[in-house]
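Visitor: Please see the structure below; I have some questions.
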Amino acid sequence: MTTFEYRLPQERRVVTDFPGPRSTALAERRTAVVGAGVASTLPVYVADADGGVVVDVDGNSLIDLGAGIAVTTVGASNPAVVAAVQDQVAHFTHTCFMIAPYEGYIEVAEKLAELTPGDHAKRSVLFNSGAEAVENAVKIARHATGRDAVVVFDHAYHGRTNLTMALTAKSMPYKHGFGPFAPEVYRAPMSYPFREGLNADGSPITGEQAAARAISIIEKQVGASNVAAILIEPIQGEGGFIVPAEGFLPALAEWSTANGVVFIADEVQSGFTRTGDWFASEHEGVVPDLITMAKGIAGGMPLAAVTGRADLIDAVHPGGLGGTYGGNPVACAAALASIDQMKTLDLNARAREIERTVTSRLNALAGEVDIIGEIRGRGAMLAIEMVKGDGREPNPDATKAVAALALAAGVIVLTCGTYGNVIRLLPPLVISDELLDEALDILQESIRTVAMEN
Ligand SMILES: *Cc1c(COP(=O)(O)O)cnc(C)c1O
């Protein structure tokens, strides 16, 4: 990464117990007026954030290994994004692209056509959230194919709206009590190498075998000619940073093409330099028919997109897609500045560098403690799956304990996973080496401490 100008001191600074007095006062006000269904991971309230740090209202400066769930890839107040937003907001904040269109939307669509895999004719439509992008990708696939069924996978996460709850695998907390869910959603088995059985001869199940298993279920239980789309995260996010075995995604994409099924890659979490490529699909040369994007796209401003084959997206009648705020001009300006920063700072290279630093340290630690089941992921989307007993049994208690210890020492780490036993690392890619190293020291100490108690 070329040099990056930070506004705030890039330091870890713990000046109170967590939460400090001001955060405690805000928590009391919050309880009185904010719905209990919205939970927060951290007990502290934010005053400022920049580069690799989040500063709370009591003056604590925390090292950020979460990036607001893979959103602030270019930093939470990247100067280029701030300038682009300020400039746009001083001109117009909104006209509604469906009423009075503007250039920023077109420019974002041009960038998405350039950056997404494949050199076929592409179109894009912009939205506000990842869930909205996923819903619209499904609408497009159904409209273009005239078919109803959508195939999703175990451990999938696609959002919290009615359709995307149906697409999401995990009941608690995402779906519990919120049904009935949308019909014509079918779940196929994922390739999850760490939790996969073995072949009779003791060899691991390959990606191709896992794909054949999923395809057989789709063909028998749904019928290929009823399937509008296969929807999959190339690296699963909330489900546990599950990286399917090599060969799994290409085999599913090939089967989709052969059967007139739209292959949709949900790259809401894995996209925009997070994994060391613009999109995680690129790693195995997969060219999705449609890609859904959000999170890292606009430096923290709410923006989402569906990009893909022109023939599919243009199959929808005029007026069939859209929304009041979709492709808001301020969010578009932020996206253009963020994408420019990703190129200028070469954040794909930075993500790969972060992968090397983090995995070499964590792999050494995994040899030392037995609560680490697996280190996995790609680029700056990395995870530690925590276990106990026979080395496969999920250990959510240790996972929570490690995250709590790290936070007490001033490092933000997030957890995830169907079994709640995965620590996920999603630092802003502009984090400095010094800060990343310090955060890893603390994470390592936290894991050692929890390992000794287990
Ligand atoms: C976060 C996420 C979504 C939902 O995005 P929202 O902006 O929260 O609606 C969908 N798919 C994946 C893979 C995600 O990680």
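The values are calculated or read from the model by the stated rules, or taken from the named source; none is laboratory data. Just so it is clear, the structure is predicted and the values come from calculations on it, not from any experiment. Glycine also receives a Cβ, built like all others from the backbone with ideal geometry; neighbour counts cover every protein chain displayed. Note: areas computed on protein heavy atoms with side chains; ligands, DNA, RNA excluded. Shrake-Rupley method; radii C 1.70, N 1.55, O 1.52, S 1.80 Å.
Visitor: Where does the charge balance sit around residue 356 when Lys and Arg score +1, Asp and Glu -1, over other residues with C-beta under 12 Å from its C-beta?
Guide: Details: positive: 350, 352, 361, 378; negative: 353, 355, 433.
That sum, taken over residues with Cβ under 12 Å, equals +1.
Visitor: Also: Among 421, 54, 76, which residue has its Cα positioned farthest towards the positive end of the charge dipole of the chain, with +1 placed on the Cβ of Lys and Arg, -1 on the Cβ of Asp and Glu, and the dipole taken about the Cα centre?
Guide: 421
Visitor: Report in % the part of the accessible area of the chain that belongs to carbon and sulfur, leaving out ligands and nucleic acids; probe 1.4 Å. Don't skip to the end; give the middle numbers.
Guide: Working: 9880 of 18410 Å².
Summing carbon and sulfur atoms, their accessible area is 54 percent of the total for the chain.
Visitor: Work out, step by step, the length gained on full extension between residue 172 and residue 47: first 0.36 nm times the residue separation, then minus their alpha carbon distance; give nm to one decimal. Spell out each step's value before the answer.
Guide: Details: separation 125, 0.36 × 125 = 45.00 nm, distance 3.09 nm.
Gain on stretching residue 172 to residue 47: 41.9 nm.
Visitor: Separate question: Nearest 500 deg cm²/dmol is fine: what mean residue ellipticity at 222 nm does the chain get from its DSSP H runs of n ≥ 4 alone, each adding -39,500 (n - 2.57), divided by its residue count?
Guide: Values: 13 runs with 163 residues, N = 454.
Rounded to the nearest 500, it is -11500 deg cm²/dmol.
Visitor: Keeping all protein chains in place, calculate the accessible area per residue for the chain (probe 1.4 angstrom), answer in Å².
Guide: Values: 18410 Å² over 454 residues.
It amounts to 41 Å² per residue over the chain.
Visitor: Could you give log10 I(q)/I(0) at q = 0.09, 0.10, 0.12, 0.15 Å⁻¹ for segment 81-344, computed by the Debye formula over C-alpha point scatterers of equal weight, without solvent?
Guide: Reported log10 I(q)/I(0), two decimals: -0.40, -0.49, -0.70, -1.07.
Visitor: Okay, next question. Determine the percent antiparallel among the DSSP beta bridges restricted to the chain, to the nearest 5.
Guide: Details: 34 of 50 bridges.
In the chain, DSSP labels about 70 percent of beta bridges as antiparallel.
Visitor: Let me ask another. Nearest 0.05, what FRET efficiency do residue 199 and residue 221 give at R0 = 22 Å with Cβ-Cβ as r? Intermediate values should be presented prior to the final figure.
Guide: Values: r = 23 Å, r/R0 = 1.06.
Calculated value: 0.40.
Visitor: Let me ask something additional. Using +1 on the beta carbon of Lys and Arg, -1 on that of Asp and Glu, and nothing else charged, what's the dipole of the chain about the Cα centre, debye to 20? List each step's numbers first, then the result.
Guide: Working: 34 positive and 54 negative charges, 216 e Å.
Once rounded to the nearest 20, the dipole reads 1040 debye.
Visitor: For each pair in 111/343; 170/400; 122/170, compute the distance between the two Cα atoms and list the pairs where it is over 23 Å. Show your work: numbers first, answer last.
Guide: Numbers: 111/343 12 Å; 170/400 18 Å; 122/170 33 Å.
Result: 122/170 exceed 23 Å.
Visitor: Nearest 0.05, what FRET efficiency do residue 449 and residue 86 give at R0 = 56 Å with Cβ-Cβ as r? Present the calculation step by step, with values, prior to reporting the outcome.
Guide: Working: r = 44 Å, r/R0 = 0.79.
Computed FRET efficiency for residue 449 and residue 86: 0.80.
Visitor: How many percent of DSSP beta bridges within segment 81-344 run antiparallel, rounded to 5?
Guide: Numbers: 11 of 25 bridges.
Counting only bridges with both partners in segment 81-344, antiparallel ones make up about 45 percent.
Visitor: Looking at the square roots a ≥ b ≥ c of the eigenvalues of the Cα gyration tensor of the chain, which shape do they give, rounded for a/c under 1.5, prolate if a/b is larger than b/c, or oblate?
Guide: Numbers: a/c = 1.63, a/b = 1.13, b/c = 1.44.
Oblate, because a/c is 1.5 or more while a/b does not exceed b/c.
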